[in-house]
């Protein structure tokens, strides 16, 4: 059984763009043509491939096909580039956690030769969950905290991000002073990035050996998250390099001095003989060597 390349491209566009209409605009065809291609593909395979919602998502049956679509697209673009001498229309989908995106990762994009990649398509995802985007075919590569290779992928250690428990001096005086730290942390307001962010709770267990349930502010954006801590809304875990100067100057303090959480990071990408992935992997490894603690 062969799969029509136009149908495969249409399926990937529907997942990428989040709707049949947006996929039609990207492919420069009518929404009716998009729908017809998908009906033909699903009929041929005997499986529902797209969850019709807002946004559209791949079904479990469609994940293998989405991985194939990504691989075919990359290899096709590279083959055409080898003939014409330049890359045209290559979007490289990558999953990166927010803290890496705000810190060491972006220089890697600049280190990739511009003749190899037309555009980067970065997907922000927590490091403990980004491997799932490799499994379902959403991305070609990911920064992840999982050392176990996703099926069909290679994995390489990048280094460790160190997080410190940070608050303002005023916050520490109000919520932490004058009582045992474990008792104070049970009631002191805490900030988290989102429901997937477990760093603060890991620090609590490390310090208190207990499962505490303090008040929690959820602030799902990196800049506002750090600013909320700097304003004294709550304490939270911030990357060491972002707060070194403030700690030295006394503008911020450590909630649990000398305690930290190290997060090991790994680079996973599909096993493809791809010059683009090879060059990007080299750039990521160099950026990690410069911006992370050693593995």
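The values are calculated or read from the model by the stated rules, or taken from the named source; none is laboratory data. A quick note: this is a predicted structure, and the numbers were derived from the prediction, not measured. No Cβ is skipped: glycine too gets one built from the backbone with ideal geometry, and neighbour counts run over all protein chains shown.
All of (1) closer than 21 Å to residue 279 by Cα; (2) modelled with pLDDT of 85 or more hold for residue 44 with one exception: (1).
If you check residue 53 against the conditions, is it out of contact with any strand residue (DSSP E or B) (no Cβ under 8 Å at 6 or more places or on another chain) and on the phi > 0 side of the Ramachandran plot? No; evaluated as a whole, the condition is false for this residue. Each residue in the stretch 13-28 was checked for being under 19 Å from residue 72 (Cβ atoms) and either at pLDDT 90 or above or part of a loop (DSSP other than H, G, I, E, B) (or both), and 7 pass. All of (1) surrounded by 15 or more Cβ atoms within 10 Å (Cβ to Cβ); (2) at pLDDT 90 or above; (3) more than 26 Å from residue 150 (Cα to Cα) hold for residue 87 with one exception: (2). For the stretch 219-267, a residue qualifies if it is assigned to a loop (DSSP other than H, G, I, E, B) and farther than 16 Å from residue 98 by Cβ, and the qualifying residues are 232, 233, 234, 250, 251, 252, 255, 256, 257, 258, 259. Scanning the stretch 248-293 for residues that are touching a strand residue (DSSP E or B) at 6+ places or on another chain (Cβ under 6 Å), surrounded by fewer than 18 Cβ atoms within 10 Å (Cβ to Cβ) and modelled with pLDDT under 90 returns a single hit, 271.
When restricted to residues that are within 18 Å of the chain's Cα centre (by Cα) and surrounded by 17 or more Cβ atoms within 10 Å (Cβ to Cβ), the stretch 207-221 contains 1. Can you tell me how many residues within the stretch 173-198 are at pLDDT below 95 and under 29 Å from the mean Cα position of the chain (by Cα)? Here the count works out to 6.
Inspect the stretch 268-278 for any residue being assigned to a loop (DSSP other than H, G, I, E, B), free of Cβ contacts under 8 Å to residues at least 60 places away in the same chain and farther than 26 Å from residue 125 by Cβ and give the result as yes or no. Yes.
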